[in-house]
Each structure stands twice: as structure tokens, then as C-alpha cells.
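Note sheet for the following structure.
Each value in this text was obtained by applying a stated rule to the coordinates, not by laboratory testing. Computed from a predicted structure; not experimentally measured. Methodologically, a virtual Cβ is constructed for each residue, glycine included, from the backbone with ideal geometry; neighbour enumeration extends over all protein chains shown.
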Amino acid sequence: MKEKKLHLLLAVLATGIMSFAGVLIETAMNVTFPTLIKQFGISTGMVQWVTTIYLLVISIMVPFSNYLLKNFSIRKLFIVANLFFIAGLVIDLWSPSYGILLIGRLLQGVSTGITLPLMFHIILNFTPMHKRGTMMGVGTLTTSIAPAIGPTYGGIMTASLSWHAIFLFLLPVLAISLVIGLYAIPEMPVKKTGALDILSLIGVALLFSGLLMFLNQIGSLVSLASLAIGIIGLIIFYRQATRGKNPLVRITVLKNKVFVLFLCGFLVCQFLLLGISFVLPNFIQIVLGKDAFIAGLVMMPGAAVGAILAPISGRVLDTFGSKKPILLGLSFATVGWIALTLLLRSPILLGFVAGHVFYMIGIGFSYSNLMTTGMNLLSEDEYGDGNTLFNTLQQFSGAVATAIVATIINLAQQSQSDFIAATVTGSQISLLFLLALLVAVLIACLIHFRKEPTLG
């Protein structure tokens, strides 16, 4: 029994390390954007594709991984994902051009798109219910804390060495993950459940790529064509999900309105994490004139606080239920976000640190518990579909958040002659938009818990 528990923990650790590295690199690259803009001669709107293409690939791969998990062993999937990630790191370590850099990011996206649902698959299927909150807290630590740590890591690497070093120092991390996984994850027989629904996969690809292209091209005629592609993809995906024999995802779980509430809350938190990880490091560099190292350091205390609270909040949920940690977390996040928004007009570095810490306290208490509470509402045979929806929409929402924030700032920069003043305006509009989403989720959760105070 002890050996099985040990292997479970090590399996979660191995996949968690990969997931952490995958999410870490999302925001680590954000700090390098001013450097990449100069080096490759590209715009703010163009450079965000370093993150967006990565998240887009993940958004497509996660639904596909639902099929993979039903037809291939977790050991095989782990090994393939790890090797894809290493290949992507090597390419980006060498990348002499912006195009090559994007290819490496694409391969990393494929890996993370397999790994994230794999990690939660292991937790949901092998962890006892009374410990699930804690384990989910550990698991979501990778997706909640890594975006905050990313700018710090990226800033240190870029300032002391070069942006290529971001990829170099992750190579031994992936090697450690591979060794642990090979030991902890056994070859387990899998009962194949049917053929791949190619049309569903095409629909997902068209939907996500079309919508992201639309967001990046707003204001042009081409954007309408991109929107049309996204709508066509949505129609194809919905038709297959409701009528297909072997759909990638059964969307019947969305009939559960409470599940949808916690899913939306989780996605808004992801919006905030990716949004602030784009806005704040670039604001500090462009407006305040600080280097990437300082921009990264500003994010570090909040990241540390969030890292500590992620597993603790899971234990709180296991003990007291979901109401207290979720409402407390969303309230703290709201106060911290308001502070960050106001500080953009009167910037103080220590103020940014304090506001970000306060916000990350809120994320630490609410983020993982929103997912855990939502998943606990589903039956065991719905876990795969619920897990896929959480992870797919999580990554897509991150890509959307990055695209929206980058577009708002880029439009502001193009509309004003004063580049720095325009960056301030665009950054504040971005945070106000995200604040509105956060407040809406907080109010919705308050209303729900008044009706269902014992949920969780």
C-alpha cells in the first residue's frame, strides 16, 4: 500500500514538473518581449504570438488528449510528451529567427497539451476523495503559481545571460521529470474506446485559431474572415459533440449550471493570471524604464505566497468545504487587483509588489478550489470530459487574455504619439476590463453560496 502511494506521489510529481515547466515558460517569455521586439524588428501585436501560438496548440491538444488517455497508456503519453518538450527547448535554445522560435514553442505546446490533462487524470482517478482537495491544490499549483514565477525567472535569465537561457535551464528539469516518471508510472493496460473523431478535432482547431486571429486582427476586414472561420469551427464541434459517435468531449456536463459557474470562475482567474503577467512586466520596463530583472523581481513575492497557499487551500477545502476559501480568495483578489489598477497612474514598485501579493493570496485560496469543487459535482464517468473542458478552456482563455491585453495596449500605442503615455492608458484599460470579470464572478459565487451554503 505504501509503495502504491509513493508511486502516486511520484507520478504526480513527474507530470507536475512538466506541467510547471510548460506553464512557467508561458509568462517567462513575456518579460523578453521588449528584447524580442528590438532583436527581430516586430510589433507588440506580433510578439505576443510567442505566447499565443503556444496556448493555441495546447487548446487544441487538450481535447485530443481526452482521446489519447482512453486509447494509450499514461506511461507512453508521458514519455512522448517529455520528448516533445525537450525537442522544443533545444530548437528555441538555438533559434536564429522569430519563425524558428515559434516552431519550438509549438512543440512545447504539444507537450503541455498532453501533460496537463495527464496530471489531473492521475489525481482524479487514483487519489482518495478525502485527499482530493489537497492533491488538486498541489496539481493546480503548477497552473496558478507558474505564471507568477515566470516573469521572475525570465527576467533573471534575460538580464544576466540572454533570453535563450530560459530554455537552457529547463532542460535538466525535464530530464529529472523523465527519470522520475519512468520509475513511478508503470505500463498499464488500456481498453481502447473507439476511433478518433477527426471532425471534432478539425472543429476545435478552426474554432480556437479563428477566434484568436480575430482578436489579433480587430479593426480590419480580415478579422471578419477569421471570425467566420471560428464560427464554422464552433458549428462543426457542437454538431459532433451532440451527434457524433465518439466525440472528443461530451458537452452534456455543461447542463450542470453549478459546474458551469465554477468553470467560469476558474477561467476568469486564468484570465487574470495571464493578463497581469503580460501587463505588469512590460509596464515596469517600458514606463518605468527598469530592466527585465527588476520586472521579474516585482512578481516574485506574490508568486511565493501563491505557491505556499495552493496546497494549503486544498487542505482547507477538504476540512471546511468550498464556500470559505473560494469567497475569501475572490475577495482578496478583487482588492489586490483594484490596487494594481490604481497604481498604474501613480506607479510605485513596492506598491506593485504589495498589490500583487494581495492578489495572489486571493488566487491561492480560490483558483484550485474552483476546479476541485466543479469536478466534485460530476460523476466518475464524467471526469474525463470535465477535466478536458477545464484544461482546454483554461489554456484557451489564457491565450485570449494575452491576445486581448496585447491588442488593447497595441491599439493605445498606435492611437497616441506619446508611446509611454499610451502604454499606461492601454495597461489600465486592460486591467479595468479584467476587474469587471472578476467582480462578476465574485457576485455570482456570493449569490450561489447563499442558496447552497453547504456545497463542497
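Here the Karplus curve 6.51 cos²θ - 1.76 cosθ + 1.60, taken at θ = phi - 60°, turns the phi angles of the stretch 309-326 into couplings of 7, 4, x, 5, 5, x, 5, 4, 4, 4, 8, 10, x, 8, 4, 4, x, 5 Hz, with x standing for Gly and Pro. Taken about its Cα centre, the chain carries a charge dipole of about 940 debye when Lys and Arg each add +1 at the Cβ and Asp and Glu each add -1 at the Cβ.
Only one residue of SER65, GLY321, ILE361 has its Cα farthest out toward the positive end of the dipole of the chain, where Lys and Arg carry +1 and Asp and Glu -1 on Cβ, and that residue is GLY321.
All Cα-Cα separations within the stretch 123-249 were binned at 10 Å from zero, giving a P(r) of 11, 17, 24, 34, 13, 1, each value a whole percent of the pairs.
Whole-percent P(r), the stretch 197-245, all Cα pairs, 5 Å bins from 0: 5, 29, 26, 17, 12, 7, 3, 1.
The loop-placed trypsin sites (Lys or Arg not before Pro) in the stretch 242-312, going by DSSP, that have at most 12 neighbouring Cβ atoms within 10 Å of their Cβ come out as LYS245.
Could you work out the equivalent-ellipsoid semi-axes for the stretch 1-129, taking the square root of 5 times each eigenvalue of the Cα gyration tensor, largest first, in whole Å?
32, 14, 12
Per-residue 3J(HN,Hα) values for the stretch 93-109, derived from phi via the Karplus relation 6.51 cos²θ - 1.76 cosθ + 1.60 with θ = phi - 60°, read 5, 8, 2, x, 9, 5, x, 5, 4, 5, 4, x, 5, 4, 5, 5, x Hz in sequence order (x marks Gly and Pro).
Using the empirical formula 2.2 N^0.38 Å as the baseline, the Cα radius of gyration of the stretch 118-170 reaches a ratio of 1.58. From its DSSP helices (H runs of at least four residues, each -39,500 (n - 2.57)), the chain gives a residue-normalised ellipticity at 222 nm of -28500 deg cm²/dmol.
With an a/c value of 1.5 or above and a/b not larger than b/c for the gyration tensor axes a ≥ b ≥ c computed over the alpha-carbon atoms, the stretch 374-456 is described as oblate. Semi-axes of the equivalent ellipsoid of the chain are 31, 25, 23 Å, computed as sqrt(5λ) over the eigenvalues of the C-alpha gyration tensor in descending order.
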